[in-house]
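Written out below as structure tokens is the structure these notes cover.
The values are calculated or read from the model by the stated rules, or taken from the named source; none is laboratory data. Fair warning: this is a prediction, and the values are worked out from it, not measured in the lab. As a convention, Cβ positions derive from the backbone with ideal geometry for all residues, glycine included, and neighbour counts pool all protein chains shown.
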Amino acid sequence: MPRNDCPLCAGNTEAAGLGPAAFDLRRCIVCHVVYLPAQDMTGHALESQEQFFRNMDHGPWQRFLDVMNASLVLRRLRKYKSSGRLLEVGIGNGNFLRTAQASGYDCMGVEASESLAWSFSRQNSIPVFPGYLDDFARKMSSERFDVLVMNHVLEHIPDPLAALRQLCGLLQDGGIIHIAVPNVDAWEARLKGWSAFEPYHLYYFNPGTLSNLVRQAGLNIRRIRTAERFSGWTNALARTLLQREYQQMRLSGARTAPSFQQQLALAGLDVARVAMGAVTLPLRYVQSQVNRGEELIAILEHP
């Protein structure tokens, strides 16, 4: 498909005017979704993601954020389903799946990286299917789940509409789907260093474009809102002001564990995150209330 045709609706597009110039992000003038024209999630891109999750920052601050984020997601889920079978699509570092299992859900995962899937399963005794969502939906078509969780995965998938329909087919009657994606309407998205600008993020949604896609997939929206992360502004400003240095650290850190100097830099960034998070509390609250938070969260169900 030509670059100037929207991959979701085939509509005409225009330059989005967002993100690093090298990404050349486009915005559809028909369905308004923002997307990355060169969509290649095979080979090197998948390897880069796997290396990133294996060697990502596991310092005290990141571990604290992992626990807090998992607790927030579980708090949302319990409002609708406090127990039952739970499937997470794209387990990342596995922290949410471990927390959900400890909270009483009967958990299972799907992970595109086979090595991450097998490693997590062995270490945590939680079954993880090695492969993509469409592989799982085809091979495990009789499986049904009370809760489906897809946190920061939909933006990586070349055909997000097909993925939502596959989730719908795996959902038990009365079940719910929890989806989180970056919100391209976030105020930080006007900065070149916004943390969601990554070469393996193929789509960028806002509340309107995600709602339209969800309805096309045949799902109802129980709730859709945005949230502003504690470190959102710190990360975006640091990456914008130190773009070259960040990319060097990011690329080397994806291949190997961080060096001592990089660990010191990350520790300094952690201190800045705490201070900036406290100072920006009123701003972050306003952002969330006016749908300009950097995380877009949707709770979905069968019609």
Is there a residue being more than 17 Å from the chain's Cα centre (by Cα), aliphatic (A, V, I, L, M) and modelled with pLDDT under 90 anywhere in the stretch 25-45? yes
Could you list all residues from the stretch 63-103 that are closer than 22 Å to Cys168 by Cα, surrounded by fewer than 18 Cβ atoms within 10 Å (Cβ to Cβ) and of a type in the set (Phe, Trp, Tyr)? Tyr80
Which residues, taken from the stretch 57-112, are among the charged types (D, E, K, R), at pLDDT 95 or above and within 20 Å of His201 (Cβ to Cβ)? Glu88, Glu111
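What helices (runs of 4 or more DSSP H), lying completely within the stretch 131-247, carry at least 1 residues that are at pLDDT 95 or above and crowded, with 17+ Cβ neighbours inside 10 Å? Lay out the reasoning, then the answer.
Numbers: elements: 133-139, 160-170, 207-216, 232-241.
Where helices (runs of 4 or more DSSP H) fall fully within the stretch 131-247 and carry at least 1 residues being at pLDDT 95 or above and crowded, with 17+ Cβ neighbours inside 10 Å, they are 133-139, 160-170, 207-216.
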Which one of the conditions (1) within 21 Å of the chain's Cα centre (by Cα); (2) modelled with pLDDT under 75; (3) not hydroxyl-bearing (Ser, Thr, Tyr) does Phe260 fail to meet, given that it meets all the rest? (1)
Positions within the stretch 101-117 being over 15 Å from Phe136 (Cβ atoms), without any contact (Cβ under 8 Å) to a residue 24 or more places away in the chain and assigned to a helix (DSSP H, G or I), in sequence order: Ala102
Within the stretch 109-122, count every residue that is surrounded by fewer than 21 Cβ atoms within 10 Å (Cβ to Cβ) and under 30 Å from Lys79 (Cα atoms). 2
